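Everything on this sheet refers to the single structure shown next.
The values are calculated or read from the model by the stated rules, or taken from the named source; none is laboratory data. All values derive from a computational prediction rather than experimental measurement. For neighbour counting, all protein chains shown are included, and Cβ atoms are generated from backbone atoms with ideal geometry for every residue, glycine included.
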Amino acid sequence: MTLSQTDRLHAALWIAAGIAALVLLYALSGILTPFLLAGILAYIANPAVDRLARFGMPRTGAVLAALIALALLFAGLALIIFPLLFEELGMLTARTPEAIAQLNQHFLPWLEKSFGIRLRLNPAALQKFAAGNLDLVQTVLQHLYDSAKIGGSALLSVVVNLLLVPVVMFYLLLDWHALLQRVTHLVPLPWQGRLGTLAQDIDVVLTQYLRGQLLVMALLAMYYSAALWLAGIPSAFSLGLVSGMLIFIPYLGFATGFGLALLVAGLQFAGWTPVIAVLVVYGIGQILESFLLTPYLVGERIGLHPLVVIFALMAFGQVFGFFGVLLALPAAAVLAVALREVRTAYLASRFYQGQP
């Protein structure tokens, strides 16, 4: 059975529409980022809004309550993370002379003995060099200022996006069910049943992923806080909370928490004991996450191959920037469900089976 002229025309139109959608998605990636982030957050918050609405609260009030709760959550995390960073930066500045002395006493002699490199750091000479090269310092500062202006533009873009997200979330949550019905009505009638099943499968996958990931984050935050406290690391609670909360960013989250903990341990200048303690704590934490918590709590239903995870992080980061990295795994899980459906249809097609 051969395809009719109408079928071929329809197929060509759908292929062209798909290609145009991909091109448009890439071209508008800069402005689509806040809408994508708002859509994911609205999807997460919608069950709570529906529950508040069932309890008799007006839909508008329920949406505002959900937005306020999310804002308080992010503000709380910021109040934990930023003071920790400022504290460690101040400690690093105050202990720079002591760090130079430690380098001269321990590291540089080993460097000379092992590799024949003789080097000594003199804080007074460094200050004198800086004082005698004001022109160079001014040039460097000018370059930094120029870079800051460029970075300021990027920062302004991030701030605008962050301010746009709650506005988009408000309207999405307010008209969530009406928007879903409008999208459903646009789907051709013969496809609505199948696409409804596909949407339910995606909803199950995302729900399982989000609930499991939140539980993994909470357990790891408790583990890192307790383990770092037992190891005698300062700011153990803050470090543990940051390390647990950032786990939802694959690889980058763990590296950030691990790097902060190493910095805090190193600034104690108490020998190798705190550093080794941090290495042990985070090594055990990575084993717990990779082989126990994530497989059993997140489950293998969205099980993505490590290469797929890395590719998703790079691809979504390239298209949507930093927020793309945050949304890479749930978006990849949705695409995995859709691709499984495409694969099933392809294997059942006459083209694959070699039928005329």
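Data for the structure
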| quantity | calculated |
| --- | --- |
| Pick from segment 18-76, criterion of a type in the set (A, V, I, L, M, F, W, C) and not in a helix (DSSP H, G or I), ranking: surrounded by the fewest Cβ atoms within 10 Å (Cβ to Cβ) | Phe55 |
| Selected residue [in contact with a Leu (Cβ under 6 Å, 6 or more places away or on another chain), modelled with pLDDT under 85 and farther than 30 Å from Val281 by Cα] from Val187, Val205, Val165 | Val187 |
| Residues being of a type in the set (Phe, Trp, Tyr) and within 11 Å of Leu172 (Cβ to Cβ) - total across segment 31-74 | 2 |
| Filtered residues of segment 193-214 (kept if loosely packed, with under 14 Cβ neighbours inside 10 Å and of a type outside the set (A, V, I, L, M, F, W, C)) | Gly193, Arg194, Gly196, Thr197, Gln200, Asp203, Thr207, Arg211 |
| Scope segment 37-61; condition among the charged types (D, E, K, R) and either under 29 Å from the mean Cα position of the chain (by Cα) or at pLDDT below 85 (or both); matching residues | Asp50, Arg51 |
